[in-house]
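For reference, the structure discussed in these notes is given below.
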Amino acid sequence: MLMLYLFPLAVLGAFVAVVADAVRFRSLLEVRAGVGLVLGGLVASYGLALVLLALNPTFEHNNSVSRMNVREIFVWALEIAGWLALVIVPAAFGLWSLLRAWERRRHERGDASALRRMGEGFEPHVNEIGGRLYYSQLVGFGPSEVEFRFPIRQRDLAVLLDEPWRRAVLEVAGHYMLQHSTMPGRIRMTEADFRRVVRAVLHSTPEQLQRFITRVGRDYNVDVMFFASEAMARRTAPSSTDKRAASCTET
């Protein structure tokens, strides 16, 4: 009887968390993976419990076999689903981890044939691997450097290529936010976190972008506009190869 009360509370809690994420980030696609997995595992547990009871809706009572009606099936499915969830929810997280590990290995194998779509040298760049686009940024912290890689969409790349200012802001804001996330005791930035940054920088109005720049500057103690202007100047400056070619032409 324990799960008859605990399971509905667990489902309600997970549902509230999903709704809170959707409202906070204004999209169901931005719901945190862990919250979605919990709610999905609970729903799957209840669905499986309903199937099991529907296949065999009988039970023994006072040495006689009784048959459950529809209402009893839905109620007792809560008890069975609670125990099933103890297996299904952890299994969902395990499967998710395996899929993530497989995807990382696939990316590593595909790096050799990656097609560079944006960026040169050590600056943030976009590669196309297996038909998907990935934004990569190298972040230094202390004696080590960490390369972050996040999937982006074709429309994100279009903005990066067409609007140098937004590209520069993403480079600067991304650098400091990612660097901050590598500090001891901090939580690493996730794909969902980076997706929200991309949306705020690449797909916002000028006023919204300015508010984002102000917030990042305040939170991370950095002059985003100054360093973004430097990043733009660096990309528009003639390269050493161009300078040598110009020198040869003048000679």
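The values are calculated or read from the model by the stated rules, or taken from the named source; none is laboratory data. A quick note: this is a predicted structure, and the numbers were derived from the prediction, not measured. Because the Cβ atoms are built from the backbone with ideal geometry, glycine has one as well, and the counts that use them run over all protein chains shown.
Listed values, structure above:
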item: Residues that are of a type in the set (Ser, Thr, Tyr) and at pLDDT below 50, drawn from region 224-249; result: Ser240, Thr241, Ser247, Thr249
item: Count of region 51-93 residues which are touching a Ser or Thr at 6+ places or on another chain (Cβ under 6 Å) and surrounded by 17 or more Cβ atoms within 10 Å (Cβ to Cβ); result: 4
item: Which listed residue is more than 17 Å from the chain's Cα centre (by Cα), in contact (Cβ under 8 Å) with a residue 60 or more places away in the chain and surrounded by 14 or more Cβ atoms within 10 Å (Cβ to Cβ), from Leu4, Leu42, Leu48; result: Leu4
item: Restricting region 217-235 to residues that are in a helix (DSSP H, G or I) and among the charged types (D, E, K, R), the residue that is surrounded by the most Cβ atoms within 10 Å (Cβ to Cβ); result: Arg235
